[in-house]
Structure formats: structure tokens, C-alpha cells
1. Only residues in region 98-124 that are in contact (Cβ under 8 Å) with a residue 24 or more places away in the chain and assigned to a loop (DSSP other than H, G, I, E, B) count as the first member; pair them with residues that are surrounded by fewer than 20 Cβ atoms within 10 Å (Cβ to Cβ) and not hydrophobic (A, V, I, L, M, F, W, C), Cβ under 7 angstrom, at least 6 apart or cross-chain, and list the lot.
2. Any idea how many residues of region 1-27 are part of a loop (DSSP other than H, G, I, E, B) and among the hydrophobic types (A, V, I, L, M, F, W, C)?
3. With hydroxyl-bearing (Ser, Thr, Tyr), open to solvent by 60 Å² or more (accessible area, probe 1.4 Å) and either out of contact with any strand residue (DSSP E or B) (no Cβ under 9 Å at 6 or more places or on another chain) or within 22 Å of Lys19 (Cα to Cα) (or both) as the only criterion, which of Ser130, Ser101 stands out?
4. Looking at this structure, is Glu85 surrounded by fewer than 19 Cβ atoms within 10 Å (Cβ to Cβ), out of contact with any Leu (no Cβ under 8 Å at 6 or more places or on another chain), of a type outside the set (Val, Ile, Thr) and closer than 20 Å to Cys64 by Cβ?
5. With the structure loaded, tell me whether Ile47 is hydrophobic (A, V, I, L, M, F, W, C), in a strand (DSSP E or B), surrounded by 14 or more Cβ atoms within 10 Å (Cβ to Cβ) and in contact with a helix residue (DSSP H, G or I) (Cβ under 9 Å, 6 or more places away or on another chain) or whether it fails that test.
6. Considering only residues that are under 21 Å from Asn44 (Cα atoms) and modelled with pLDDT under 95, which ones fall in region 90-139?
7. Quick test for you: out of Asp27, Asp41, pick the one residue that is touching a strand residue (DSSP E or B) at 6+ places or on another chain (Cβ under 9 Å) and either under 23 Å from Val117 (Cα atoms) or surrounded by fewer than 19 Cβ atoms within 10 Å (Cβ to Cβ) (or both).
8. Would region 64-72 turn up any residue that is touching a residue at least 60 places away in the same chain (Cβ under 8 Å), not basic (Lys, Arg) and not in a helix (DSSP H, G or I)?
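The values are calculated or read from the model by the stated rules, or taken from the named source; none is laboratory data. The structure displayed is predicted, hence computed values, not measured ones. FYI the Cβ positions are ideal-geometry reconstructions off the backbone, even for glycines, and counts take in every protein chain you see. These area figures cover heavy atoms from the full protein model, side chains too; ligands, DNA and RNA do not enter into them. Shrake-Rupley method; radii C 1.70, N 1.55, O 1.52, S 1.80 Å.
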Amino acid sequence: MDLKELYRAVIMDNYKNPKNKGLKKTDRYHFVHLNNPSCGDDMNVEILIEDGIVKEVHHDGKGCSICCSSASVMSEVLTGKTVSEAKEIINDFYEVVKGNSPEDEERLGEAIAYMGVKDFPARIKCATLSWKACEQAIKEVESDEK
């Protein structure tokens, strides 16, 4: 199995068997909804941050396999990280899908599977939708704490 096939398998596994799918809908979580009208992707993300740590990330929505699987991978990769680490990982992910080298490839985990998205510019928004929602949620939580 070559690397492209492995990455495709990661994407399809997370699409068919998403992790952390389903919202908790309680006041403990910060909620953000984003959509991509050009593709029809629609994503909700909830994040629980306690003591500067991303304790939980949940998602729910509809869209293409890239969008939905990326949300699953994002929820796994960011859980347990400090807010600072989470923001760095999000930025690394943005670099990877644009075809650039991330600051730290290893911390991306399965998210590295989306490096092929650079070859399909219209799919970059699909891959990053849940990440942008999570990034927005982190910024809002940080703003609320000030």
C-alpha cells in the first residue's frame, strides 16, 4: 500500500466511522456553526476547555467525505492538547492542506492524511471547515476569559 492509499484509507475510515460525532448541547461547551455554501458542507463544533486544556471536541454536520472525516480527525488530534498547542496544530494543518511544510508534522497525527488536498484547491475549504470552527471557538473562549 502506498502513502496515497494509506491516506485515502484514513479519510474513508474517519468518514464511515467518525470519532466524537454528536453534540453534548450543554453550557459547559463552546459551540460554533460554520458552513461552506459553495460545497454544501455544514458543520457544528463544540469544544470544552478547562484549565487551558482542550478536554473534549465534538462535531456534527453534513457534507462531503473530506469535510466530515476531517472533523473526526480534528476532534481526536486536538483533544488533550493545551490551547496553545491546539492553535499551533491548527496552523500546521492549514499549511499542510495548502501544500506547505508544517512546523511539526508529527503532532498532526492522522491529519497529515489531508496533504493531498493541496492538489484540489476547491476541497481546501472542505478540509478546513471544522478546524476553522474549532479555531473560532478557542478564540471566543479566550476572549470570554479576559
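1. Lys98/Lys118
2. To start, the set of residues in region 1-27 that are part of a loop (DSSP other than H, G, I, E, B) comprises 1-2, 17-20, 22-27.
Subsequent filtering for residues that are among the hydrophobic types (A, V, I, L, M, F, W, C) retains 1, 23.
Residues meeting the conditions: 2.
3. From the options Ser130, Ser101, the qualifying one is Ser101.
4. Working: surrounded by fewer than 19 Cβ atoms within 10 Å (Cβ to Cβ): yes; out of contact with any Leu (no Cβ under 8 Å at 6 or more places or on another chain): yes; of a type outside the set (Val, Ile, Thr): yes; closer than 20 Å to Cys64 by Cβ: no.
So Glu85 fails the test.
5. Numbers: hydrophobic (A, V, I, L, M, F, W, C): yes; in a strand (DSSP E or B): yes; surrounded by 14 or more Cβ atoms within 10 Å (Cβ to Cβ): yes; in contact with a helix residue (DSSP H, G or I) (Cβ under 9 Å, 6 or more places away or on another chain): yes.
Yes; evaluated as a whole, the condition is true for this residue.
6. Once the filter is applied, which keeps residues that are under 21 Å from Asn44 (Cα atoms) and modelled with pLDDT under 95, region 90-139 yields Ala122, Arg123.
7. Numbers: Asp27 fails: touching a strand residue (DSSP E or B) at 6+ places or on another chain (Cβ under 9 Å).
Result: Asp41 is the single residue among Asp27, Asp41 that is touching a strand residue (DSSP E or B) at 6+ places or on another chain (Cβ under 9 Å) and either under 23 Å from Val117 (Cα atoms) or surrounded by fewer than 19 Cβ atoms within 10 Å (Cβ to Cβ) (or both).
8. In the first step, residues of region 64-72 are kept if they are touching a residue at least 60 places away in the same chain (Cβ under 8 Å); the result is 64, 66-67, 70.
Those left that are additionally not basic (Lys, Arg): 64, 66-67, 70.
Those left that are additionally not in a helix (DSSP H, G or I): 64.
Among the residues of region 64-72, at least one is touching a residue at least 60 places away in the same chain (Cβ under 8 Å), not basic (Lys, Arg) and not in a helix (DSSP H, G or I), which makes the answer yes.
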